[in-house]
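Novice: The following block contains the structure, expressed as structure tokens.
The values are calculated or read from the model by the stated rules, or taken from the named source; none is laboratory data. Worth saying up front: this structure is predicted, and the values here are computed from it rather than measured. Positions of Cβ are backbone-derived with ideal geometry, glycine not excepted, and every protein chain shown enters the neighbour counts. The accessibility values were calculated without ligands, DNA or RNA, using every heavy atom of the protein model including side chains. Shrake-Rupley method; radii C 1.70, N 1.55, O 1.52, S 1.80 Å.
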Amino acid sequence: IMHGNITRHFTWREALRSQTAFDKGLDNTPGPEAEKAIRQTAEGMEFVRSLLGVIIDVTSWFRSPLVNEAVGGSPTSDHITGWAVDFKARGLSAHIAARRIIKSPIMFDQLIWYPAQDRLHISFAPGDRREVMTKPKGQPGYLPGLVLCT
């Protein structure tokens, strides 16, 4: 089941790829609920790709609990359930991509900007809070909104 494309532009390979899982020999196979969430998240990512008009480079998507722990992810991370994607919008800064997503009607639960890595985290978990945060480099915690950090 989990081979080839999930949607037109997103594949099972990129949804399940994890260098950490590969290096440490950890299973990164989603269960039925996570598989369903990954499919819905891929649909959400199609809207993001269409809005931004560029190729999306996925840096992290599904993480089994063991893989999430190995990468130091939050124990409550939406990556574990398949709802979250970390990505870069090819040729666009993450800040500009974030501003476009926020202004759009796309429903998301959480959008986090990581300026240090120039990447975004988006979650399509049920809730549709449209919560936006910034993770400042070298600081613990998150700031509300898109915050230009010096």
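Novice: Kindly indicate whether any position in the stretch 135-149 is within 15 Å of Val48 (Cα to Cα) and part of a loop (DSSP other than H, G, I, E, B).
Specialist: No: the stretch 135-149 contains no residue that is within 15 Å of Val48 (Cα to Cα) and part of a loop (DSSP other than H, G, I, E, B).
Novice: Shifting gears a bit: Please verify whether Phe22 is open to solvent by 70 Å² or more (accessible area, probe 1.4 Å), closer than 20 Å to Arg130 by Cα and either at pLDDT below 95 or out of contact with any helix residue (DSSP H, G or I) (no Cβ under 6 Å at 6 or more places or on another chain) (or both), treating the condition exactly as stated.
Specialist: no
Novice: Hey, another quick one. Can you work out which of the residues in the stretch 116-145 that are open to solvent by 50 Å² or more (accessible area, probe 1.4 Å) and hydrophobic (A, V, I, L, M, F, W, C) is farthest from Glu33 (Cα to Cα)?
Specialist: Here the residue is Ala116.
Novice: Also: In the stretch 94-109, what residues are buried (at least 20 other Cβ atoms within 10 Å of the Cβ) and either under 12 Å from the mean Cα position of the chain (by Cα) or β-branched (Val, Ile, Thr) (or both)?
Specialist: Those that are buried (at least 20 other Cβ atoms within 10 Å of the Cβ) and either under 12 Å from the mean Cα position of the chain (by Cα) or β-branched (Val, Ile, Thr) (or both): Ile101, Phe108.
Novice: Which one is surrounded by the most Cβ atoms within 10 Å (Cβ to Cβ) among residues in the stretch 36-92 that are farther than 14 Å from His9 by Cα and in contact with a Gly (Cβ under 7 Å, 6 or more places away or on another chain)?
Specialist: Per the criteria, the residue is Phe62.
Novice: Just to verify a result, which residue in the stretch 1-19, among those that are within 17 Å of the chain's Cα centre (by Cα) and surrounded by fewer than 18 Cβ atoms within 10 Å (Cβ to Cβ), is nearest to Thr41 (Cα to Cα)? Spell out the reasoning first.
Specialist: We begin by selecting, within the stretch 1-19, every residue within 17 Å of the chain's Cα centre (by Cα); these are 6-7, 9-19.
Next, only the ones that are surrounded by fewer than 18 Cβ atoms within 10 Å (Cβ to Cβ) stay: 7, 9, 11, 13, 17, 19.
Values: Thr7: 10, His9: 12, Thr11: 12, Arg13: 14, Arg17: 15, Gln19: 21 Å.
If we take residues in the stretch 1-19 being within 17 Å of the chain's Cα centre (by Cα) and surrounded by fewer than 18 Cβ atoms within 10 Å (Cβ to Cβ), then Thr7 is nearest to Thr41 (Cα to Cα).
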